[in-house]
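The values are calculated or read from the model by the stated rules, or taken from the named source; none is laboratory data. It should be emphasised that the depicted structure is a prediction, and the values quoted were computed from it without experimental measurement. Because the Cβ atoms are built from the backbone with ideal geometry, glycine has one as well, and the counts that use them run over all protein chains shown. Please note that ligands, DNA and RNA were not included when accessible areas were found on the heavy atoms of the full protein model with its side chains. Shrake-Rupley method; radii C 1.70, N 1.55, O 1.52, S 1.80 Å.
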Amino acid sequence: MIGRKNRINDMPDRLGPTTQRKLVMKLLHVDSSVLGAQSTSRLLSAELVQAWQQNHPGTQVDYLDLATDAPNHFSADSLGIKLGMQAEPTEAQRKENQVSEQLVTQFLAADVIVIGAPMYNFSIPTQLKAWIDRLAQAGRTFKYTEKGPVGLAGGKTVIVAASRGGVYSATESGQAAEHQESYLKVIFGFFGITDVRFVRAEGLAMGEAAKASALAAARAEIAKVTREAANQDKAALAA
């Protein structure tokens with residue numbers, strides 16, 4: 001419903017200022033590349049956020065840079081409280097649990113999540129994996145039932161700026177070797193998020209012409225994927 005992107009400003013006065021303040025879309029911008037200003041995924045994720053804000057004025061943006069502020073990888077301390085490993089948690093376990101709670105709360109509060117995700121050795125950066133591991137919490141983002149797991153974080157839109165030096169989408173062997181987009185689609189689907197979009201720039205290491213072509217294709221895709229969110233009509237009302 002592209003024509004309703006300015007619906008916040010078009011709400012009738014009868015809703016009152018309190019209701020209008022609630023109708024604010026929240027976007028979480030996450031970067032994970034360790035390359036700083038040289039990163040293509042960071043460039044594209046920033047352009048995605050900018051395009052989203054242009055199409056959805058008033059969107060509130062929260063930023064997380066996992067290259068400089070990544071959680072620790074899983075350990076007995078980070079899982080201790082979740083698994084009830086002992087009657088009284090240690091101070092280290094409390095601190096790690098606080099990190100997990102902050103990250104999952106931040107994630108669940110967002111209507112849209114934009115992620116810069118480069119390919120490192122056929123997969124995603126370990127910093128990004130560590131963040132996802134903190135989000136994967138039974139009772140928060142998923143639950144198990146007698147019929148299997150059920151996602152609890154549905155209704156969100158995830159947009160991934162995926163960058164990689166080679167071309168993996170054009171052949172079966174390339175697709176088999178790619179554990180970047182495939183993993184992110186599976187894990188967010190496990191959380192109940194069915195609207196996962198990708199802006200892909202591949203072949204970046206295959207010459208300047210290939211890089212320019214990849215960036216042009218990615219930027220054309222940005223214009224398409226930032227038009228509306230999965231929960232456009234309910235943005236932030238349930239957050």
Tally, over the stretch 17-49, of residues that are surrounded by 23 or more Cβ atoms within 10 Å (Cβ to Cβ), over 13 Å from the mean Cα position of the chain (by Cα) and either closer than 21 Å to Thr105 by Cβ or modelled with pLDDT under 95 (or both): 1
How many residues does the stretch 50-60 hold that are open to solvent by less than 10 Å² (accessible area, probe 1.4 Å) and within 21 Å of Ala117 (Cβ to Cβ)? 1
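Output the residue which, of all residues in the stretch 168-180 that are buried (at least 16 other Cβ atoms within 10 Å of the Cβ) and touching a strand residue (DSSP E or B) at 6+ places or on another chain (Cβ under 7 Å), is nearest to Phe107 (Cα to Cα).
Of the residues in the stretch 168-180, the ones buried (at least 16 other Cβ atoms within 10 Å of the Cβ) are 168, 178, 180.
Still in the running and touching a strand residue (DSSP E or B) at 6+ places or on another chain (Cβ under 7 Å): 168, 180.
Working: Tyr168: 29, Gln180: 20 Å.
Selected residue: Gln180.
Within the stretch 141-149, does at least one residue satisfy the condition of being open to solvent by 40 Å² or more (accessible area, probe 1.4 Å) and closer than 24 Å to Ala70 by Cα? So that I can check it myself, show each step before the final result.
Going residue by residue through the stretch 141-149, those that are open to solvent by 40 Å² or more (accessible area, probe 1.4 Å) are 143-147, 149.
Subset that is closer than 24 Å to Ala70 by Cα: none.
Looking for residues that are open to solvent by 40 Å² or more (accessible area, probe 1.4 Å) and closer than 24 Å to Ala70 by Cα, one finds none in the stretch 141-149, hence no.
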Ala209 vs (1) at pLDDT below 95; (2) open to solvent by 60 Å² or more (accessible area, probe 1.4 Å): all pass except (1)
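Answer yes or no as to whether Gly203 is at pLDDT 95 or above, closer than 22 Å to Val114 by Cβ and of a type outside the set (A, V, I, L, M, F, W, C). It would help to see each step written out before you state the result.
Working: at pLDDT 95 or above: yes; closer than 22 Å to Val114 by Cβ: no; of a type outside the set (A, V, I, L, M, F, W, C): yes.
Spelling it out, it is not the case that Gly203 is at pLDDT 95 or above, closer than 22 Å to Val114 by Cβ and of a type outside the set (A, V, I, L, M, F, W, C).
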Checklist (1) modelled with pLDDT of 90 or more; (2) buried (at least 17 other Cβ atoms within 10 Å of the Cβ) applied to Gly80, failing item: (1)
From the set of residues in the stretch 61-75 that are under 16 Å from Gln98 (Cβ atoms) and out of contact with any Leu (no Cβ under 9 Å at 6 or more places or on another chain), which is least open to solvent (accessible area, probe 1.4 Å)? Ser75
Of the residues in the stretch 219-231, how many are surrounded by 15 or more Cβ atoms within 10 Å (Cβ to Cβ) and either more than 21 Å from Thr59 (Cβ to Cβ) or not small (Gly, Ala, Ser) (or both)? 7
Looking at the stretch 162-179, I want the residues that are under 19 Å from Val225 (Cβ atoms) and in contact (Cβ under 8 Å) with a residue 24 or more places away in the chain and have a partner that is among the basic types (Lys, Arg) and open to solvent by 70 Å² or more (accessible area, probe 1.4 Å) with Cβ atoms under 9 Å, at least 6 apart or on another chain. Which pairs are those? Ala162/Arg200; Ser163/Arg200; Arg164/Arg200; Ser169/Arg200
So, Tyr120, is that one farther than 20 Å from Gly189 by Cβ, of a type in the set (Ser, Thr, Tyr) and surrounded by fewer than 18 Cβ atoms within 10 Å (Cβ to Cβ) or not? yes
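Enumerate the strands (runs of 3 or more DSSP E) found wholly within the stretch 136-239, keeping only those where 2 or more residues are under 18 Å from the mean Cα position of the chain (by Cα) and of a type in the set (D, E, K, R). Lay out the reasoning, then the answer.
Values: elements: 142-145, 148-151, 157-164, 195-202.
Per the criteria, 195-202.
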Cβ pairs under 8 Å, 6+ apart or interchain, first in the stretch 92-105 and under 10 Å from Leu135 (Cβ atoms) and of a type in the set (Val, Ile, Thr), second part of a helix (DSSP H, G or I) and open to solvent by less than 50 Å² (accessible area, probe 1.4 Å), ordered by first then second residue, are Val104/Arg134; Val104/Leu135
